[in-house]
Amino acid sequence: MSGSSPEASASVFKKYESPKMLSLEELKAWIERLAARHEMGEQWLPAYGRVGDGAYIEVDDRMYHYVGIERGIENDRFSTPDLDALLERVFRSVTFELAFRYEARHRTKVPKDCRRVAFRLQTELLSKLSLAWAKRETERHEEILQKHPFDDFAGARASLCGTYRAQGKIQEEAWKMACEKYPPSNRINE
């Protein structure tokens, strides 16, 4: 994915640093131009105005709102008066989707926690838009890894547990046997 430098993108943001809120149409045009400049397809962007399920953006007199709906229930709402903060939230979501889809398409047979590839790629994609966004996302990744370290054998362990269950083992026994073969990670691996 190519695009202009983070410095160039950051300088474009300055033209929208004003007390005036952008309209939904102005915001849509801005986001779509930024996505196109960095070859991030429109299919990954949120909708503009309320939709059934999925992410959408709405604007009122004082705030921009990034909203996520799943099965008809609002499960995410990010509200801010700051255009840069809204753009960061939008492109965090876009780059997350792109990074994990890339990882899934290029997965190897060697066991590896999918986040190793996806987190690195997401940060790389965000850095093309804004170095500050990429830095904050790296910090979020580090927080996640503190609580949930890389576990390269999670998939193999789950698959083996399923195999043991299919052979008639009870869940606890199947899990214990799978963990003996593929011990869970309890520390951050590089």
Matching residues in the range 119-154 - criterion: being of a type in the set (Val, Ile, Thr) and surrounded by 15 or more Cβ atoms within 10 Å (Cβ to Cβ): Thr123, Thr138
Inter-residue pairs, beta-carbon under 6 Å, first crowded, with 18+ Cβ neighbours inside 10 Å and in the range 91-108, second modelled with pLDDT of 95 or more and among the polar types (S, T, N, Q), 6+ apart: Thr95/Gln122; Phe96/Gln122; Ala99/Gln122
Which numbered condition Lys135 fails, given (1) modelled with pLDDT of 95 or more; (2) more than 26 Å from Trp30 (Cα to Cα): (2)
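Filter the range 163-190 down to residues that are among the acidic types (Asp, Glu) and more than 19 Å from Arg120 (Cα to Cα) and give me whichever is surrounded by the fewest Cβ atoms within 10 Å (Cβ to Cβ).
Restricting attention to the range 163-190, the residues satisfying the condition of being among the acidic types (Asp, Glu) are 172-173, 180, 190.
Subsequent filtering for residues that are more than 19 Å from Arg120 (Cα to Cα) retains 172-173, 180.
Details: Glu172: 8, Glu173: 13, Glu180: 10.
If we take residues in the range 163-190 being among the acidic types (Asp, Glu) and more than 19 Å from Arg120 (Cα to Cα), then Glu172 is surrounded by the fewest Cβ atoms within 10 Å (Cβ to Cβ).
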Whichever residue in the range 109-118 is part of a helix (DSSP H, G or I) and not basic (Lys, Arg) and, among such residues, is surrounded by the fewest Cβ atoms within 10 Å (Cβ to Cβ): Cys114
Residues that are in a strand (DSSP E or B) and farther than 16 Å from Met21 by Cβ, drawn from the range 69-78: Ile69, Glu70, Ile73, Glu74, Asn75, Asp76, Arg77
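So, in the range 145-161, exactly how many residues are assigned to a helix (DSSP H, G or I) and without any contact (Cβ under 8 Å) to a residue 24 or more places away in the chain?
The total comes to 5.
Sort out which residues of the range 134-190 are over 30 Å from Ser93 (Cα atoms) and basic (Lys, Arg), and write them in order of number.
Here is the first cut: in the range 134-190, the residues over 30 Å from Ser93 (Cα atoms) are 160-183.
Residues satisfying the conditions are Arg165, Lys169, Lys176, Lys181.
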Failed condition for Leu160, given (1) of a type outside the set (Val, Ile, Thr); (2) buried (at least 19 other Cβ atoms within 10 Å of the Cβ); (3) within 23 Å of Ala55 (Cα to Cα): (3)
Pick from the range 27-68, criterion in contact with a strand residue (DSSP E or B) (Cβ under 9 Å, 6 or more places away or on another chain) and part of a helix (DSSP H, G or I), ranking: surrounded by the fewest Cβ atoms within 10 Å (Cβ to Cβ): Lys28
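One residue is enough: does the range 106-122 have a residue meeting the conditions out of contact with any strand residue (DSSP E or B) (no Cβ under 6 Å at 6 or more places or on another chain) and within 20 Å of Ala85 (Cβ to Cβ)? Show your work before the answer.
If we filter the range 106-122 for residues that are out of contact with any strand residue (DSSP E or B) (no Cβ under 6 Å at 6 or more places or on another chain), which is where we start, we get 106-122.
Among the residues that remain, those that are also within 20 Å of Ala85 (Cβ to Cβ) are: 122.
Yes, some residue in the range 106-122 is out of contact with any strand residue (DSSP E or B) (no Cβ under 6 Å at 6 or more places or on another chain) and within 20 Å of Ala85 (Cβ to Cβ).
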Checklist (1) touching a residue at least 40 places away in the same chain (Cβ under 8 Å); (2) farther than 18 Å from Leu126 by Cα applied to Leu45, failing item: (2)
Of all residues making up the range 1-54, the number that are among the acidic types (Asp, Glu) and either at pLDDT 90 or above or on the phi > 0 side of the Ramachandran plot (or both): 4
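The values are calculated or read from the model by the stated rules, or taken from the named source; none is laboratory data. On a predicted model such as this, the values are computed, not experimentally measured, just so you know. Backbone-built Cβ (ideal geometry, glycine too); neighbour counts: all protein chains shown.
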